[in-house]
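Data first, discussion second: the structure below is written as structure tokens.
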Amino acid sequence: MRRFVAFTLALALGAACGPNPPAPVKVMAIIPTETGSYEPREVELTTVTNLTALKGSVAELVGGARVIVDGADPLQANLPALNDSQRFDVLVRDRGTDVRGSYLDRAGTLWPADFHTWNMTSTYFNFENAYLYFQDVLPPSAPPAELQAMRVFYWPEVRLNSSTPLTDNALYLSFIKGFVVVPFDKAQRVPMGMNLGVVGHEVAHKVWGKRVLDDQGIHPALTSWSLEPFNLLKSLDEGLADLHGAVATCRSLARCRTEFLSLSIADETYAKQRDVARNDACVDEGLRGALKSFSQDQWVRGRELYLYGNVWAAALYQAGVRSGGDLGVKSIVKDLLTAYDDDSDDSNGTGLRQLVNRNVNNPSAFTPEAVAGIIARHVTNVEMRRAFCGEAINRLQLQCQSPDCSDKMTGNPCMGASRRTTCRQLPAPMP
């Protein structure tokens, strides 16, 4: 694996200048090759409108910003009550300005002239590919509105209720509806922005926020729910984002990389625990106990959030791959996205968005069994649906009286499914 060294920041806070040919633009970026190693390769940016400022119809990079979440700030005392614009104003202390990339023209191909231009160009290319991935798998419609001109804060100062700025990370911050690619500190692996799986994961959060959480920067369920309903909702967001990140990597020369996190995260054990192809992903007694008893703060600060989400991702991935390999995984991901938001069948709707919204004041109805039932009803291939039901009932330790969970799933979508034997069946939890 190549090591990357962060050079002195080469952002210019002012008008960008330099070559700005019309799209498609041939430019060098650092991407995974056929062998999986990261190397400079020529790519085409098809959506960029200003190459030196890294702006286009898909993404707009912004440099020099400051995002400060401070619970002691009176202006932030009631963030959920603010609209998007008001919340952005109190959290983004410095909105930043255009970045400036520097390029050298070599026989019609533009070569980045410094590290940050390499990083920004590769990051833009990954956002473009993540957009194309979601355009391909989302239900047929106009280009997804939430993925137009995505705001990407590059190298910002980000402090989240801490005096220490974030480093070595890339995140989607739903409360400002923007992405951040923060500075390096100790990271010696593939930078987050250069990792297509990581970018795909973060873009998946934006899709989830738009299609499941009503495009609300802070959904009421995230402030009023607690214990299992809250923990389940947060884990679904993270686990399904890992699944989308893995499938998005299939667009790269290296093809599908379910272990994409290991390319950028030094903690190999943790990275492997989030591999969506992990066959031993199972809810054990400790994880089930944490799901049911952890407070909001405990859940969002611990690894259990991601490990439980991984079990959902693994159930979907295994059902897809067993039924049709990589094409099967892509098929079940398409069905999953249809399940995000579906009001087509009745007045209550049958999607995850509808389940969340009609139970904002009744969170006990937001259960793993209800979520699995909604996903299963949207899996169109009968064989794949039964495979998912078996994987979910087994891996997630769904609490049902009947073997196919017909007592807990509306419409009995898992009729005829059988529990797989991958995981040891746990006894029913204590009341």
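Observations on the structure shown:
- Structure remark: mean-square fluctuation, Gaussian network model of the chain, C-alpha springs under 10 Å; the largest value among LEU263, LEU243, LEU327 belongs to LEU327.
- For the pair GLN425 and SER163, a Förster radius of 41 Å applied to the C-beta separation gives a FRET efficiency near 0.30, rounded to the nearest 0.05.
- Carbon and sulfur %, accessible surface of the chain computed with the full protein complex present, 1.4 Å: 50 percent
- Legend: calculated FRET efficiency, GLN86 to GLU42, from the Cβ-Cβ distance at R0 = 60 Å, rounded to 0.05, equals 0.85.
- Amide H contacts under 5 Å for ARG100, placed H, 5+ residues apart: ALA12
- 3J(HN,Hα) from dihedral phi, segment 191-200, Karplus parametrisation 6.51/-1.76/1.60, rounded to Hz, x for glycine, proline: x, 4, x, 7, 9, 4, x, 5, 5, x
- The modelled label-to-label distance between ALA107 and ASP214, using points 7 Å beyond Cα along the C-beta direction, is 5.7 nm.
- Shape category assigned to segment 143-300 from the gyration tensor of Cα positions, a/c cut at 1.5: rounded
- Distance between segment 115-150 and segment 97-113 - C-alpha centres, whole angstrom: 20 Å
- Whole-Hz couplings from phi, Karplus 6.51/-1.76/1.60, listed for segment 203-220; x for Gly and Pro: 5, 4, 4, 5, 5, 4, x, 6, 9, 10, 9, 6, 6, 8, x, 9, 6, x
- With all pairs of different C-alpha atoms in the average, the Kirkwood value for the hydrodynamic radius of segment 292-431 is 15.7 Å.
- Accessible area expressed per residue, the chain, with surrounding protein chains retained (probe 1.4 Å, Å²): 42 Å²
- Taking trypsin sites (Lys or Arg not before Pro) across segment 117-192, the ones in a DSSP loop with at most 15 further Cβ atoms lying within 10 angstrom of their Cβ are LYS186.
- Over segment 365-431, relative contact order from alpha-carbon pairs under 8 Å, at least 6 apart, %: 35 percent
- Pairs from the list LYS210/LYS330; LYS210/LYS292; LYS26/LYS55; LYS177/LYS210 with a Cα-Cα gap above 18 Å: LYS210/LYS330; LYS210/LYS292.
- Residue by residue, segment 153-167 carries 3J(HN,Hα) couplings of 7, 9, 6, x, 8, 10, 10, 10, 6, 8, 7, 9, x, 5, 9 Hz when phi is fed to the Karplus relation 6.51 cos²θ - 1.76 cosθ + 1.60 (θ = phi - 60°); x denotes Gly or Pro.
- For the chain, alpha-carbon Rg over 2.2 N^0.38 Å: 0.98
- Gained length - LEU132 relative to THR269, 0.36 nm times residue gap less alpha-carbon distance: 46.2 nm
The values are calculated or read from the model by the stated rules, or taken from the named source; none is laboratory data. Just so it is clear, the structure is predicted and the values come from calculations on it, not from any experiment. Cβ atoms come from the backbone with ideal geometry, glycine included; neighbour counts cover every protein chain shown. To get the accessible areas, we keep the full protein, side chains included, count just its heavy atoms, and leave off ligands, DNA and RNA. Shrake-Rupley method; radii C 1.70, N 1.55, O 1.52, S 1.80 Å.
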